[in-house]
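**Q** Next up is a structure, given as structure tokens.
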Amino acid sequence: VGNYKRTVKRIDDGHRLCNDLMNCIHERARIEKVYAQQLTEWAKRWKQLVEKGPQYGTVERAWCAFMSEAEKVSELHLEVKGSLMNEDFEKIKNWQKEAFHKQMMGGFKETKEAEDGFRKAQKPWAKKLKEVEAAKKAYHAACKEEKLAISRETNSKADPALNPEQLKKLQDKVERSKQDVLKTKEKYEKSLKELDNATPQYMENMEQVFEQCQQFEEKRLRFFREVLLEVQKHLDLSNVASYKNIYRELEQNIKTADAVEDLRWFRANQGPGMSMNWPQFEEWSADLNRTLSRREKKKASDGVTLTGINQTGDQVSQPNKHSSSLSVQSNTVQSVQSSYNPFEDEEDTGSTVSEKEDNKIKNVSSYEKNQSYPTDWSDEESNNPFSSTDANGDTNPFDEDTPPAMEVRVRALYDYEGQEQDELSFKAGDELTKMENEDEQGWCKGRLDNGQIGLYPANYVEPIQ
């Protein structure tokens with residue numbers, strides 16, 4: 001009696017399992033979204049690093065193909081996330097709402113109907129079972145009383161002090177006990193027979209209610225199977241034609257990388273095959289030969305910086321694909337040369353040469369493509385910038401000497417992305433060391449905790465108390 005509660009509880013469990021399945025799909029959708037975002041961020045970051053790095057030619061394009069692959073795969077995973085939430089999640093939610101109806105007093109209508117059905121089917125049989133238990137208890141009590149009466153009668157026969165009248169009472173007690181045993185036994189057997197006769201109908205009624213519960217559960221189980229198959233189709237990108245095309249295209253882009261072609265291009269644009277601009281006689285001009293420093297470039301009113309003027313009529317050779325050199329046409333100016341004139345007096349170079357760009361893109365181990373190489377040379381070890389102990393050439397022998405300053409720890413108030421390579425990039429809340437005080441244009445020189453040194457706007461930070 002009452003064991004039908006396990007079947008009734010299964011209905012409540014079905015509602016909870018719908019919630020569990022929705023939570024499961026929601027978590028997977030969140031993972032798909034985060035993975036897509038990480039792929040996009042990775043592709044954007046590394047695309048910039050590769051484009052600004054020293055790699056060139058067809059191998060560069062093959063390398064960048066991985067970033068394109070990541071962007072396309074990111075889009076597919078965002079589609080997966082959308083399918084999981086907009087289709088599968090919503091489908092379970094709507095089915096649950098249609099299958100389970102909440103009552104005002106709590107619980108579900110389906111649960112109450114099942115419990116009432118089982119209770120109604122079991123009530124007649126449970127009543128007869130109760131009668132059987134009572135008859136059984138009475139019969140066992142009568143048997144116990146009979147055994148006790150017989151034991152007393154036997155003991156009294158061996159007692160000579162007991163008078164005949166007392167013995168007669170004990171014998172009557174035994175007779176009454178035997179009659180009670182027969183009556184209770186008959187009643188017990190009769191109640192059992194009635195219970196047995198009621199059992200088939202009881203089982204039939206219980207089966208009907210149970211089958212209704214089975215049908216309800218079958219709908220849920222089949223629905224879950226259907227939803228899981230749809231989730232599988234949404235997750236299985238191997239059957240998506242566009243997914244296969246991404247990697248087919250990636251393989252083709254990698255196979256197009258040609259070392260011979262890249263070497264030929266480098267020879268023609270960066271090696272002996274490039275057009276030469278041999279030194280020629282240049283007239284001195286006080287105004288045109290003036291070079292602005294990096295900090296003077298920060299002024300908004302400044303225009304194009306002219307560094308070396310060639311008046312011979314020869315055109316400067318074409319720069320490489322990432323060069324930042326400018327060609328300026330005028331009546332007297334034919335082209336712009338390198339940032340330093342090797343024919344100027346040695347004492348003037350310290351104040352006219354702009355500060356070297358020493359800020360590298362992180363995770364790139366060598367120079368950027370658009371870096372400026374020094375044009376002067378010397379046989380003397382002390383004046384040769386390529387004999388420095390710094391193998392990567394991080395130090396510039398022509399840097400201006402900066403006066404010593406008190407270093408101060410500061411904290412960034414806002415995010416700042418460096419616009420040029422001698423500027424620092426940081427996020428709000430990052431800490432760095434101020435190495436020089438604010439200049440006339442509002443710039444400070446500082447050092448990040450990773451050792452990177454550069455300029456930053458003074459009003460973007462505050463001192464750490």
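The values are calculated or read from the model by the stated rules, or taken from the named source; none is laboratory data. Treat the numbers as computed from the prediction; the structure is a model and nothing was measured. So basically every Cβ, Gly included, is an ideal-geometry build from the backbone, and we count neighbours across all protein chains shown. Protein only, heavy atoms only, side chains kept; ligands, DNA and RNA dropped before computing areas. Shrake-Rupley method; radii C 1.70, N 1.55, O 1.52, S 1.80 Å.
**Q** Can you pull out every residue in region 240-254 that is out of contact with any Lys or Arg (no Cβ under 7 Å at 6 or more places or on another chain) and touching a residue at least 24 places away in the same chain (Cβ under 8 Å)?
**A** Matches in region 240-254: 240, 242, 243, 247, 249, 250, 254.
**Q** Still on this model: Need the failing condition index for residue 141 against (1) open to solvent by less than 90 Å² (accessible area, probe 1.4 Å); (2) of a type in the set (A, V, I, L, M); (3) closer than 28 Å to residue 121 by Cα, just the number.
**A** Looking at each condition in turn, residue 141 falls short on (3).
**Q** Please enumerate the residues belonging to region 69-101 that are within 15 Å of residue 253 (Cα to Cα) and either among the aromatic types (Phe, Trp, Tyr) or open to solvent by 50 Å² or more (accessible area, probe 1.4 Å) (or both).
**A** 72
**Q** Which condition from (1) assigned to a helix (DSSP H, G or I); (2) modelled with pLDDT under 95; (3) over 27 Å from residue 242 (Cβ atoms) is the one that residue 95 breaks?
**A** The failed condition is (2).
**Q** Run down 173, 130, 136, 109 and say which single residue is within 30 Å of residue 220 (Cα to Cα), of a type in the set (D, E, K, R) and open to solvent by 40 Å² or more (accessible area, probe 1.4 Å).
**A** 109
**Q** Among the residues of region 70-88, is there at least one that is more than 20 Å from the chain's Cα centre (by Cα) and under 30 Å from residue 241 (Cβ atoms)? Walk me through it before giving the result.
**A** Here is the first cut: in region 70-88, the residues more than 20 Å from the chain's Cα centre (by Cα) are 87-88.
From what is left, the residues that are under 30 Å from residue 241 (Cβ atoms) are 87-88.
Among the residues of region 70-88, at least one is more than 20 Å from the chain's Cα centre (by Cα) and under 30 Å from residue 241 (Cβ atoms), which makes the answer yes.
**Q** What do you reckon, is residue 43 in contact with a helix residue (DSSP H, G or I) (Cβ under 8 Å, 6 or more places away or on another chain), over 16 Å from residue 71 (Cβ atoms) and small (Gly, Ala, Ser)? Steps first, please.
**A** Values: in contact with a helix residue (DSSP H, G or I) (Cβ under 8 Å, 6 or more places away or on another chain): yes; over 16 Å from residue 71 (Cβ atoms): no; small (Gly, Ala, Ser): yes.
When the stated conditions are applied, residue 43 does not pass them.
**Q** Does residue 34 meet the test of being over 30 Å from residue 255 (Cβ atoms), β-branched (Val, Ile, Thr), out of contact with any helix residue (DSSP H, G or I) (no Cβ under 9 Å at 6 or more places or on another chain) and not assigned by the TED database to the domain that holds residue 419?
**A** In short, yes.
Okay, residues lined up against (1) closer than 15 Å to residue 409 by Cβ; (2) open to solvent by less than 40 Å² (accessible area, probe 1.4 Å):
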| position | (1), (2) |
| --- | --- |
| 423 | no, yes |
| 428 | no, no |
| 431 | yes, no |
| 434 | yes, no |
| 445 | yes, no |
| 454 | no, yes |
| 459 | no, no |
| 462 | yes, no |
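**Q** Taking only region 10-27 into account, find how many residues are basic (Lys, Arg) and free of Cβ contacts under 8 Å to residues at least 60 places away in the same chain.
**A** So the count comes out to 1.
**Q** What tally of residues in region 10-64 results from selecting those that are among the basic types (Lys, Arg) and open to solvent by less than 80 Å² (accessible area, probe 1.4 Å)?
**A** The total comes to 2.
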